[in-house]
Amino acid sequence: MQIIADIKTKIIYAANFCTGRRHDFRLFKESEIKLPPHVQILADSGYQGIADIHSNSIIPEKKTKMKPLTEKQKQSNRDLAKRRVVIEHIFGKLKIFRILSDRYRNRRKRFGLRFTLIAAIYNIEIKSSS
C-alpha cells in the first residue's frame, strides 16, 4: 500500500494498492503517478532509485560492510526519520480499521472503495480536530 499525504496538514491525497504482494517502489513505478517537480518525496530505504524518476526526493543513506555511515549521514537519516514519522503515524491511524491491518477476505473489487472511504473518514477527523 502506498499513500501520498501532506506532512503539514496530514491530509491523504492519494492511495495506491494492488492485489497480492508487491514491493512499494514497484507499485510506485507501475502507478505512473506524476508529481510536480517542486513536490518533495520523503521515502524510506525501499525506494532506492527514486531519484531517477523524481529528482526532488529524499531517501536515507544505507551503509555497507566496507563503508559505514559517517556521523553526518547518520544525522541526516535521523532528520529524515523525524520528518517521515508523520506518515508512519498516518499508517497507524489507518490500521485502526481492521481491513488494513489484517488479511482482507472480502471481494477484491470493493477494497479500493472501502479504502477510499476510510481515507475520507480519516481526512474528516483531521480537519475537524484542527
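Data for the structure
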| item | result |
| --- | --- |
| Positions within segment 49-60 being loosely packed, with under 12 Cβ neighbours inside 10 Å and under 17 Å from His23 (Cβ atoms), in sequence order | Gly49, Asp52 |
| Extreme residue, nearest to Val86 (Cα to Cα), among residues of segment 1-19 that are among the polar types (S, T, N, Q) and part of a loop (DSSP other than H, G, I, E, B) | Thr9 |
| Matching residues, segment 78-115, being part of a loop (DSSP other than H, G, I, E, B) and over 18 Å from Ile126 (Cβ atoms) | Asp102, Arg103, Tyr104, Arg105, Asn106, Arg107 |
| Residues located in segment 86-104, provided they are surrounded by 12 or more Cβ atoms within 10 Å (Cβ to Cβ) and β-branched (Val, Ile, Thr) | Val86, Ile87, Ile90, Ile99 |
| Odd one out for Lys10, checked against (1) in contact (Cβ under 8 Å) with a residue 24 or more places away in the chain; (2) at negative phi; (3) out of contact with any Ser or Thr (no Cβ under 6 Å at 6 or more places or on another chain) | (2) |
| Residue list for segment 105-119, filter: more than 17 Å from the chain's Cα centre (by Cα) and either surrounded by fewer than 13 Cβ atoms within 10 Å (Cβ to Cβ) or without any contact (Cβ under 8 Å) to a residue 60 or more places away in the chain (or both) | Arg105, Asn106, Arg107, Arg108, Lys109, Arg110, Leu113, Arg114, Leu117 |
| Every pair of residues 6+ apart whose Cβ atoms lie under 9 Å, when the first sits in segment 20-48 and is in a loop (DSSP other than H, G, I, E, B) while the second is of a type in the set (Phe, Trp, Tyr) | Ala43/Phe25; Ala43/Phe28; Gln48/Phe25 |
| Residue match in segment 83-94 (condition: more than 30 Å from Ser129 (Cβ to Cβ) and more than 11 Å from the chain's Cα centre (by Cα)) | no |
| Complete set of residues in segment 9-47 that are loosely packed, with under 15 Cβ neighbours inside 10 Å, at pLDDT 85 or above and more than 24 Å from Ala120 (Cα to Cα) | Arg26, Pro37, His38, Ser45, Gly46 |
| Test: residue in segment 64-79 that is under 21 Å from Thr9 (Cβ atoms), hydroxyl-bearing (Ser, Thr, Tyr) and surrounded by 13 or more Cβ atoms within 10 Å (Cβ to Cβ) | no |
| Residues of segment 49-70 satisfying the condition of being assigned to a loop (DSSP other than H, G, I, E, B), hydrophobic (A, V, I, L, M, F, W, C) and modelled with pLDDT under 90 | Ile53 |
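The values are calculated or read from the model by the stated rules, or taken from the named source; none is laboratory data. All of these numbers come straight from a predicted model, not from anything done at the bench. Glycine gets a Cβ as well: all are built from the backbone with ideal geometry, and neighbour counts include every protein chain shown.
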